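The values are calculated or read from the model by the stated rules, or taken from the named source; none is laboratory data. All figures in this text were calculated on a predicted structure; none of them were measured in a lab. Here Cβ is always computed from backbone atoms with ideal geometry, including for glycine, and neighbour counts include all displayed protein chains. Accessible surface areas use protein heavy atoms only, side chains included; no ligands, DNA or RNA. Shrake-Rupley method; radii C 1.70, N 1.55, O 1.52, S 1.80 Å.
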Amino acid sequence: MQPQDLVRDHTIYACVMGSRAFGLATDASDTDRRGVFLAPTPLFWRFEKPPTHVDGPGEEQFSWELERFCELALRGNPNILECLHSPLVEHLDDTGRELLSLRGAFLSRQAYATFTRYALGQRKKLEADIRTTGAPRWKHAMHLLRLLMSARDLLRTGELRIDVGECRESLLAVKRGEVPWTRAEAWMVRLAAEGEEALRGSPLPPEPDQARVAGFLYRVRRASAVQAEPDHQVVQGVVGAGRFGQG
């Protein structure tokens, strides 16, 4: 089975991300599509395992295998957590619905560290741009501000909301380069401080509910194995190998 066939035939959840999901789209914005596919369990019984992710088949399309997606979400990966909260869902089956019902199980105070680490990395890139070209990449500056807002509000409320709402015009002004870097930088510093303050009283649990997610993944894998028709050639090959080994 080709990787792109897994996306085409076994996607359980697909959504639009990027500026369109964040409420920051303009006429020139791309449409970034993200998804989760469930590789049939028998594929894991072979030496060559199914891919953990697939790029394509469409433009600006990227998908993760369910287990990899859950691993990254449990680690608090910002891109993965935001994918679970997109308001623009394009495909959803029963397994995908159960995945979305687990959104809260992935959230914890550990998000502070992962979001902050990601934000610091982006900040260093902006500062490098300023040193080399005299100006930051304003689109990246806008998205860094958006990320810091999202992290702060997650820690304050225990819920992850990715649409920027009333901050849209202020953020787009940053993207257009209409906000001096000193002001944008001060905004970043203030948001980071507010996020740190929110951490101290956050309603989020200390850690994600890994046991709940593991139980979901086990049930899904088991159901896939039960539903799959036996591959005669694979079974015959395994039996034959066993007999050869006994000889």
>> List the residues, sorted by chain then number, that are 5 or more residues from residue 90 or on another chain and whose placed amide H is less than 5 Å from its amide H.
In response: 14, 15, 16
> How many nm separate the modelled label positions at residue 183 and residue 207, each set 7 Å beyond the Cα in the direction of the Cβ?
Replying inline: 4.5 nm
>> If the reach is capped at under 17 angstrom between alpha carbons, list the aspartates and glutamates near residue 124, excluding any in the same chain fewer than eight residues apart.
In response: 185
> What is the list of residues in the stretch 122-161 whose amide nitrogen lies under 16 Å from a point 7 angstrom out from the Cα of residue 28, following Cα to Cβ?
Replying inline: 136-143
>> Skipping prolines and chain starts, which residues have an amide H placed within reach, meaning under 5 Å, of the one on residue 33, given they are 5 or more residues away or on another chain?
In response: 17, 61, 62
> How many nm separate the modelled label positions at residue 168 and residue 197, each set 7 Å beyond the Cα in the direction of the Cβ?
Replying inline: 2.8 nm
>> Please list, in order along the stretch 161-174, the HN-Hα scalar couplings obtained from phi with the Karplus expression 6.51 cos²θ - 1.76 cosθ + 1.60 (θ = phi - 60°), rounded to whole Hz, x for Gly and Pro.
In response: 10, 9, 6, 6, x, 5, 8, 3, 5, 5, 6, 5, 5, 5
>> With a cut-off of 8 Å between alpha carbons and a minimum separation of six or more residues, what is the relative contact order of the stretch 105-200 in percent?
In response: 34 percent
> To the nearest 10 square angstrom, how much accessible area does residue 38 have with a 1.4 angstrom probe?
Replying inline: 30 Å²
> Once the whole set of protein chains is in place, how much accessible area is left on residue 169, using a 1.4 Å probe, in Å² to the nearest 10?
Replying inline: 110 Å²
